[in-house]
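The values are calculated or read from the model by the stated rules, or taken from the named source; none is laboratory data. Everything numeric here is computed off the predicted structure, so don't read it as measured data. Note: ideal-geometry Cβ built from the backbone for every residue, glycine included; neighbour counts use all protein chains shown. We work out accessible area using only protein heavy atoms, side chains counted, and drop any ligands, DNA or RNA first. Shrake-Rupley method; radii C 1.70, N 1.55, O 1.52, S 1.80 Å.
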Amino acid sequence: MNRQRVDAVVFDVGRVLYQWDLRHLFEKVIDDPARLERILNEVVTEEWHFEHDRGRLLDEMIAERIALYPEFEAAIRVYRSRFNETIPGPVPGSHALVERLHAGGVPLFAITNFGAEFWARFAPHEPIFDRFREIVVSGVERIAKPDPAIFMLSAERFGYAPQTMLFIDDNPENIASAQNCGWQVHHFTDAELLEEDLSARGLI
């Protein structure tokens, strides 16, 4: 199979480099299983959280949610104050691949759907991000994947043509959008399959 040359590799962060699940936090603070499921399915949902990824202010979101679900005020405030606990650690094997690419001189970038306030609390404590030349954060730009605009912005900022970059993401909608914008793509499921793809492309 002939493959196009890859001049730069672009990673997603959540569920590619780092595990992420709201349940990791709320299982620690909610004892009642029924209440836990209601929080995750109705109150502090991934869909609601995504509003912050798109650039909505956290203060506004929290106040609005508490007004809507006053009986869950404590849980909503915990989401804000202990968000880093929704990220239990790296995705197994992914950081090793970043290090191998970096050691081989491959330019590394990232595009992440991540709220600006949460990113400012999380990223400075994670040395793996030092390996990346630039990271486009949706909450900062107020554009989130799969909006094609974030891929166009990223290509311009990274300084590479889309067809010369490999974009790695776990979300099929994000992969489809990037591909439609001309990027090479890898739909991430685990580090082992990503390693095979990177090796086949001569990147590691």
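Taking each residue of region 179-204 that is under 12 Å from VAL9 (Cβ atoms) and looking for partners that are aliphatic (A, V, I, L, M) and open to solvent by 30 Å² or more (accessible area, probe 1.4 Å) with beta-carbon atoms closer than 8 Å, six or more apart or interchain, yields LEU198/ILE204.
Would it be correct to say that ALA110 is in contact (Cβ under 8 Å) with a residue 40 or more places away in the chain and under 24 Å from GLU173 (Cα atoms)? Break it down into steps so the answer makes sense when it comes.
Details: in contact (Cβ under 8 Å) with a residue 40 or more places away in the chain: yes; under 24 Å from GLU173 (Cα atoms): yes.
Considered against the rule, which asks whether it is in contact (Cβ under 8 Å) with a residue 40 or more places away in the chain and under 24 Å from GLU173 (Cα atoms), ALA110 comes out as yes.
Condition (residue is more than 30 Å from GLU156 (Cα to Cα) and either in contact (Cβ under 8 Å) with a residue 60 or more places away in the chain or in contact with a Ser or Thr (Cβ under 9 Å, 6 or more places away or on another chain) (or both)) applied to region 38-59: is it met by at least one residue? Yes: region 38-59 contains one or more residues that are more than 30 Å from GLU156 (Cα to Cα) and either in contact (Cβ under 8 Å) with a residue 60 or more places away in the chain or in contact with a Ser or Thr (Cβ under 9 Å, 6 or more places away or on another chain) (or both).
Residues in region 54-78 that are part of a helix (DSSP H, G or I), within 22 Å of the chain's Cα centre (by Cα) and among the hydrophobic types (A, V, I, L, M, F, W, C): LEU58, MET61, ILE62, ILE76, VAL78.
Within region 48-80, the set of residues being open to solvent by 80 Å² or more (accessible area, probe 1.4 Å) and within 20 Å of ASP21 (Cα to Cα) comprises ARG54, ARG77. Tell me the residue from TRP20, TRP48 that is closer than 30 Å to HIS95 by Cα and part of a helix (DSSP H, G or I), please. After applying the criteria, what remains is TRP48.
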